[in-house]
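Participant: Before we start, here is the structure in question, set down as structure tokens.
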Amino acid sequence: MYICVCNAITERQVRSCVDAGATTLDDLEFELGVASCCGSCAATAAEYLPGGRCSSVCQVQSVAVPTRARGLSDTVPLAEQGGQAANSFPIPVVAAA
């Protein structure tokens, strides 16, 4: 889908720029030329920035789970327990040449 019709900038290009580190509309304008002509795409492009509605950038948080039935005071992160989450499944790794 085109985000900026004036400069033929696609959603894929905007997402790629954000994944590469763009955090502001000025960054997108500098790298891609978004909103540098008529400006009607500025609001849509801003939705792809971190914290926006279409952002693919997520905040990562450590999750601690109780290790004993005594309560939450004795919590150990799941990664340190050496186990897997109940909803985890193996993801095959494919090497690209």
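Participant: Modelled label-to-label distance, residue 23 and residue 53, 7 Å Cα→beta-carbon offset: nm?
Facilitator: Calculated label separation equals 2.4 nm.
Participant: Express the C-alpha Rg of region 2-46 as a ratio against the empirical globular expectation 2.2 N^0.38 Å, rounded to two decimals.
Facilitator: 0.96
The numbers here are math on the coordinates, done by the rules we state, and not lab data. No experiment lies behind these values; they were computed from the predicted model shown. A quick note on method: Cβ atoms are made from the backbone with ideal geometry, for glycine too, and the neighbour counts reach across all protein chains shown.
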